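Chemist: Pasting a structure below so you can have a look.
Every number in this text was worked out from the coordinates using simple rules, so none of it is lab data. Since the structure is predicted, the reported quantities are computational estimates derived from the model, not experimental observations. No Cβ is skipped: glycine too gets one built from the backbone with ideal geometry, and neighbour counts run over all protein chains shown.
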Amino acid sequence: MDLTDFFDAVRATLKYRVALGIGKKKSAAGERDRNGARTREMPANYSATGAFCRDLLPEAGDFYRQHFGDGMRVTSKGWLVRCPFHDDATPSAIAYRADGGFHCFGCGVHCRDVLDFHQRLTGQDFKTAAQALGAWRAGR
Ligand SMILES: [Zn+2]
């Protein structure tokens with residue numbers, strides 16, 4: 001074997017290792033470009049999967065208008081609406097402007113905020129609901 005054959009063999013081996021991802025260095029925080037943006041996917045064992053961020057929840061008025069449209073009657077504390085949790089012929093529930101809470105005087109359903117309302121209506125778990133409302137910040 002002369003030297004050319006030797007280097008060809010080394011190159012072939014290296015190509016093979018690269019193709020299989022052998023010897024690839026993994027950092028716990030993933031890899032970032034110089035602007036700090038993530039350039040590769042996070043390793044599967046990375047623990048931080050994000051967090052709920054209350055500040056990102058939609059404003060109560062915007063949120064409930066999406067659900068009830070023009071069927072909202074403005075009151076001093078918020079909006080009188082027909083309850084989606086029971087067969088409501090006349091508006092018997094109130095959506096609160098201050099905290100996004102919801103209360104039905106007909107069936108007694110009470111939601112703490114827009115997230116709680118969304119969860120009860122859709123049956124989604126907390127994280128899924130927070131993501132659906134844009135209030136889940138991805139892990140870093
Ligand atoms: Zn109700």
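Chemist: Name the long-range amide H neighbours of Thr75: under 5 Å, sequence gap of 5 or more, or other chain; modelled H, no Pro or chain starts.
Modeler: When sequence neighbours closer than 5 places are left aside, the close amide H contacts are Leu80.
Chemist: Residue by residue through the stretch 96-107, what is 3J(HN,Hα) from phi via Karplus (6.51 cos²θ - 1.76 cosθ + 1.60, θ = phi - 60°)? Round to whole Hz and write x for glycine and proline.
Modeler: These are the phi-based 3J(HN,Hα) values: 8, 5, 5, 10, x, x, 9, 9, 10, 7, x, 9 Hz.
Chemist: Can you tell me how much longer the chain between Ala51 and Ala98 gets when fully stretched, taken as 0.36 nm per residue apart minus their C-alpha distance, in nm with one decimal?
Modeler: 14.6 nm
Chemist: Just the number, please: Stokes-Einstein D of the stretch 71-140 in µm²/s, Kirkwood Rh from C-alpha pairs, 25 °C, 0.890 mPa s.
Modeler: Details: Rh = 12.8 Å.
For the chosen part, D equals 191 µm²/s.
Chemist: Read phi for every residue in the stretch 119-125 and hand back ³J(HN,Hα) as whole Hz from Karplus 6.51 cos²θ - 1.76 cosθ + 1.60, θ = phi - 60°, with x for Gly and Pro.
Modeler: Karplus values, whole Hz, x for Gly and Pro: 4, 5, 6, 9, x, 6, 6.
Chemist: Give me the net charge for the shell around Asp70: Cβ to Cβ below 15 angstrom, other residues only, Lys and Arg +1, Asp and Glu -1.
Modeler: Numbers: positive: Arg65, Arg73, Arg82; negative: Asp62.
So the environment of Asp70 carries a net charge of +2.
Chemist: Through the Karplus equation 6.51 cos²θ - 1.76 cosθ + 1.60, θ set to phi - 60°, convert the phi angles of the stretch 50-66 into ³J(HN,Hα) values in whole Hz; use x for Gly and Pro.
Modeler: Using θ = phi - 60°, the values come out as x, 7, 5, 10, 4, 4, 8, 4, x, 5, 3, x, 4, 4, 6, 5, 5 Hz.
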